[in-house]
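A short worksheet on the structure shown next.
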Amino acid sequence: MLHPASATVADLHDLIERRDTSPSTVRLPVHPALADAFPTGLAAGTVYSLTGSTTLALALLAGPSQNGSWCAIVGLPDLGVEAAAGWGVDLDRLILVPDPDANQWVGAVAALAEITDVIVAAPSRITPGDLSRLAARLRSRQTTLVVTGPWPRAATVQATTVGWDGLGQGHGCLLRQHLRLDITERHEPRSIHLTLNPHQATPQSSPLAGSLQYFAGTPTVLPRPSSNTSRGPQ
Amino acid sequence: MKTPPMKTSSPAPVRVLLVWCPQWSIRAVREQAAPGAALLLIAKGMVVACSPAAAAAGVTTGLRVREAQLRCPDAAVLPHDPAVESREFEPVLRAIEEVVPGVHTIRPGLAAVRAGGARRFYGSEHLAAQAILHGVQDRLGGDLRVAVADGLFAAEQAAYTTTAESPLVLVHPGASRRFLAQLPVSTLEREVDSTRMPGLLRRMGIRRLSELADLRRAEVHARFGPDGLRAHQLASGEDAPVLDVRSAPKDLTVRIDLEDHVTQVDQVTDLCIAGVDRFVQHLIEQALLCHEIRVILDLESGATDTRVWRHPWHFSAADVLDRVRWQLQDLASDDEPLTHAITGVSVVPESVDPALHHATGLWGDRPDEHVVQALTGLQKTLGRGGVLTCAVRGGRLLDERRVLRPWGDALPTPRERRLEQPWPGNLPGPPPATVFTRARPVSVLTEIDQPVTVSPRGEVSGAPAWLRLPEDRPDTRRITAWAGPWPVQQRWWQATGRGPLDRFQLLDEREQAWLVLSEAGHWWAEARYD
């Protein structure tokens, strides 16, 4: 009597497992400067919606790139590749798709998902069907997509420049950028203050012979916003 | 059973037919100077060769340039270039090959062939030598000497005894030792590659080759080592040179003739498939890899469209076809048929390398096959410029520092990137994340809405207070901090180059940092720190 029922249950379990939409447990490494903002790294196979900082998007490529992964940047024709190299992104394993049409965008990202671990892409119009197909592709390939703009059903990273160090009235030069990151990942918001300052790399340690300067972050954690703290029992 | 013959220490001498063009160094550059004028060829400050006119004035080889010019003040002085000599010698080699195949170049001006085959063909060595002499002189003219002897050394020495009147000398088989006997030991200098030994022999009282040949070989070998053994063999007329036959590299060019004049891009590439496969097959047969090809399209109008394509690894048949298609697509405009029909396609390998040098290592330096396939597939849908690879190059302006190349094109080598050079005027601080491909026009205004100008001496007319971005929507922002001007001076020596630029860093009220350029009163946004 029980056999048909248990078989059905097992089938359903299988089905659920195959259609599992829960975020994967695989994490991608991040650059040490971003370790406080993403303490466990980036979730593989998910979408992040990042607004307010292209630099941060390039920095997110650095961790997987230094691990030997291929990375791709889609729809950012004015990208400063030197900044990417400055973060330690290996340009030999970086693919740029500068200007795809709106109808080629999904195809390009899906094709790049086959070979890369992280894709940074400017947002594009997308149909709900394509959206879910793309999400499924990313999940099955364990590729993380960082969209530099709003994106439905994505973890959000809102970067706000708080200030710059080093520039005066007619003297000095830009040295350090202070960023506040408001990150909402799996409905849990957190705020981080990051300082991106150029670390004078010695020519020997720099793969680009001292012509580029490297960043090293000195992050400081801000107190959580009150909306977050009010959740716990007090 | 037949036993193999005993190996003797000196194998039987090889009959060599040697062709000598006297004064080749001078003749090779003769056209660069007035006919009959005195000419000096110089290397490292020494005279390497001189024309007869200069020699008559007392110039000898090995003289310092200053001394030579003192003796012959009106001599033209040219640098000695072995490459030119070799190149100029090429027609002579070809002319000899017409008469007797298998030419071995000893050095420019001196070539040798095995006399055995030529003797059998022409009947005797003398007739063979005459055939070469006349064959080459009829084609090229000029002074030419031919010698036949046992071994290269004897033949070369025999050739030096000829004169313009009797340009042919024959040393009979076995007579080389007798012929060489009276020559001084200094003739060995070039052969044994040791300047000390001839001098030492002379000091020992051994002045002629016959005196050296009379010594016991084992003793000479013990005293002078391998050089001594070789010298003794040469002096005894036992020279068995290995003549490497000059082999002209095989022509790997593939030409595809299109008979019915085709105007569709796809049609042309389809017709090229077989030819391109043949091209790659030839390369594989020769165990070669090709990194650079030249694709030549012959148009019906008689014009040709030539383009060189470089590949980061090496070309496969599909890669070559892609290059042909891209070149055709560039020629056609946007899916239109070509304005001129294509009559032929040639694929010329520009640089090939033995495949042996490029065996894939365990951790090969080229990307995995599936990456290449995925990106090549993506490139087919997006177009050639749709998928790019990038690198950083030395330069002052940020857009110049960025190198973007279509996937499948080779990026500049580290040497070509010149990153380690100083580049004065380079940007300090962190590089901006957005570098505009086309600098965007902006306005930078002072507090009283006057445009900020920079004088040639680098003085700013007023502190920048407003930044106006006239792009999609007019937007005026207050400038809260700024620095500059930082002069960027490049290619001012070129008339077509840009004028001097001045760079400013601006920070606006929204904490947005900008890099702007000022050029003769115009302002451009070069990059944005975002």
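The values are calculated or read from the model by the stated rules, or taken from the named source; none is laboratory data. A quick note: this is a predicted structure, and the numbers were derived from the prediction, not measured. As a convention, Cβ positions derive from the backbone with ideal geometry for all residues, glycine included, and neighbour counts pool all protein chains shown.
When the range B:171-225 is filtered for residues that are basic (Lys, Arg), out of contact with any helix residue (DSSP H, G or I) (no Cβ under 8 Å at 6 or more places or on another chain) and within 16 Å of residue B:239 (Cβ to Cβ), the ones remaining, listed by number, are B:178, B:190. The residues on offer are B:251, B:244, and the sole one that is under 30 Å from residue B:353 (Cβ atoms) and in contact (Cβ under 8 Å) with a residue 24 or more places away in the chain is B:244. Scoring residue B:523 on the criteria (1) at pLDDT 90 or above; (2) assigned to a loop (DSSP other than H, G, I, E, B) leaves a single failure, condition (2). Scanning the range A:164-187 for residues that are in contact (Cβ under 8 Å) with a residue 40 or more places away in the chain and within 13 Å of chain B (Cβ to nearest Cβ) yields A:177, A:179, A:180.
Residues are listed down the side, and each one gets a yes or a no for (1) crowded, with 17+ Cβ neighbours inside 10 Å; (2) over 43 Å from the mean Cα position of the chain (by Cα):
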site: B:182; (1), (2): no, yes
site: B:188; (1), (2): yes, no
site: B:194; (1), (2): yes, no
site: B:203; (1), (2): no, yes
site: B:212; (1), (2): yes, yes
site: B:220; (1), (2): yes, yes
site: B:255; (1), (2): no, no
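Residue B:350 passes every criterion in (1) part of a loop (DSSP other than H, G, I, E, B); (2) in the same structural domain as residue B:295 (by TED's automatic domain parsing) apart from (1). Filtering A:139, A:153 for residues that are assigned to a loop (DSSP other than H, G, I, E, B) and among the basic types (Lys, Arg) leaves a single hit, A:153. Number of residues in the range B:373-401 that are closer than 15 Å to residue A:95 by Cβ and within 10 Å of chain A (Cβ to nearest Cβ): the value is 16.
Set side by side, the residues B:47, B:19 differ, and just one is in contact with a Gly (Cβ under 8 Å, 6 or more places away or on another chain) and in a strand (DSSP E or B), which is B:47. Is it the case that some residue within the range A:50-68 is within 21 Å of residue A:140 (Cα to Cα), within 11 Å of another protein chain (Cβ to nearest Cβ) and either part of a loop (DSSP other than H, G, I, E, B) or acidic (Asp, Glu) (or both)? The answer is yes; a qualifying residue exists.
When residue B:290 is tested against the conditions (1) part of a loop (DSSP other than H, G, I, E, B); (2) within 26 Å of residue B:375 (Cβ to Cβ); (3) not small (Gly, Ala, Ser), the lone failure is (1).
Is there a residue in the range B:262-281 that is assigned to a strand (DSSP E or B) and either touching a helix residue (DSSP H, G or I) at 6+ places or on another chain (Cβ under 6 Å) or under 30 Å from residue B:231 (Cα atoms) (or both)? Yes: the range B:262-281 contains one or more residues that are assigned to a strand (DSSP E or B) and either touching a helix residue (DSSP H, G or I) at 6+ places or on another chain (Cβ under 6 Å) or under 30 Å from residue B:231 (Cα atoms) (or both). Every listed requirement among (1) assigned to a helix (DSSP H, G or I); (2) touching a Phe, Trp or Tyr at 6+ places or on another chain (Cβ under 6 Å); (3) farther than 25 Å from residue B:409 by Cβ is met by residue A:30 save one, (1).
Given the criteria in contact with a Leu (Cβ under 6 Å, 6 or more places away or on another chain) and surrounded by fewer than 19 Cβ atoms within 10 Å (Cβ to Cβ), does residue B:514 qualify? No: the conditions fail for residue B:514. Kindly provide the set of residues from the range A:95-110 that are within 10 Å of chain B (Cβ to nearest Cβ), in a helix (DSSP H, G or I) and without any contact (Cβ under 8 Å) to a residue 12 or more places away in the chain, ordered by number. Correct list: A:104, A:107.
If the condition is being buried (at least 16 other Cβ atoms within 10 Å of the Cβ), more than 9 Å from chain A (Cβ to nearest Cβ) and part of a loop (DSSP other than H, G, I, E, B), then the range B:423-452 contributes B:425, B:446, B:452.
Just one of the listed residues (B:94, B:66) is of a type in the set (D, E, K, R), within 23 Å of the chain's Cα centre (by Cα) and outside any loop (DSSP other than H, G, I, E, B), and it is B:94. Is it the case, given these coordinates, that residue B:206 is of a type in the set (A, V, I, L, M), at pLDDT 85 or above and in a loop (DSSP other than H, G, I, E, B)? Yes; evaluated as a whole, the condition is true for this residue. Within the range B:232-240, not a single residue is within 27 Å of residue B:127 (Cβ to Cβ), surrounded by fewer than 14 Cβ atoms within 10 Å (Cβ to Cβ) and in contact with a strand residue (DSSP E or B) (Cβ under 8 Å, 6 or more places away or on another chain). Among the residues of the range A:75-89, the ones that are more than 10 Å from chain B (Cβ to nearest Cβ) and either touching a strand residue (DSSP E or B) at 6+ places or on another chain (Cβ under 6 Å) or acidic (Asp, Glu) (or both) come to 1 in all. For residue B:228, the stated conditions do not hold, so it cannot be described as out of contact with any Cys (no Cβ under 9 Å at 6 or more places or on another chain) and without any contact (Cβ under 8 Å) to a residue 24 or more places away in the chain.
Only one entry of A:116, A:161, A:144 meets the criterion of being at pLDDT 90 or above and more than 14 Å from every other protein chain (Cβ to nearest Cβ), and that entry is A:144.
Pairing each residue of the range B:181-198 that is within 18 Å of residue B:161 (Cα to Cα) with any residue that is at pLDDT 80 or above and polar (S, T, N, Q), provided the two are 6+ apart or on different chains, yields C-beta distances under 8 Å for B:181/B:210; B:182/B:210; B:183/B:157; B:187/B:157.
Are any of the residues in the range B:458-471 modelled with pLDDT under 85, more than 45 Å from the chain's Cα centre (by Cα), within 14 Å of chain A (Cβ to nearest Cβ) and at negative phi? Yes: the range B:458-471 contains one or more residues that are modelled with pLDDT under 85, more than 45 Å from the chain's Cα centre (by Cα), within 14 Å of chain A (Cβ to nearest Cβ) and at negative phi.
Take the conditions (1) within 18 Å of residue A:38 (Cβ to Cβ); (2) more than 14 Å from chain B (Cβ to nearest Cβ); (3) surrounded by fewer than 17 Cβ atoms within 10 Å (Cβ to Cβ); residue A:154 misses just one of them, which is (3).
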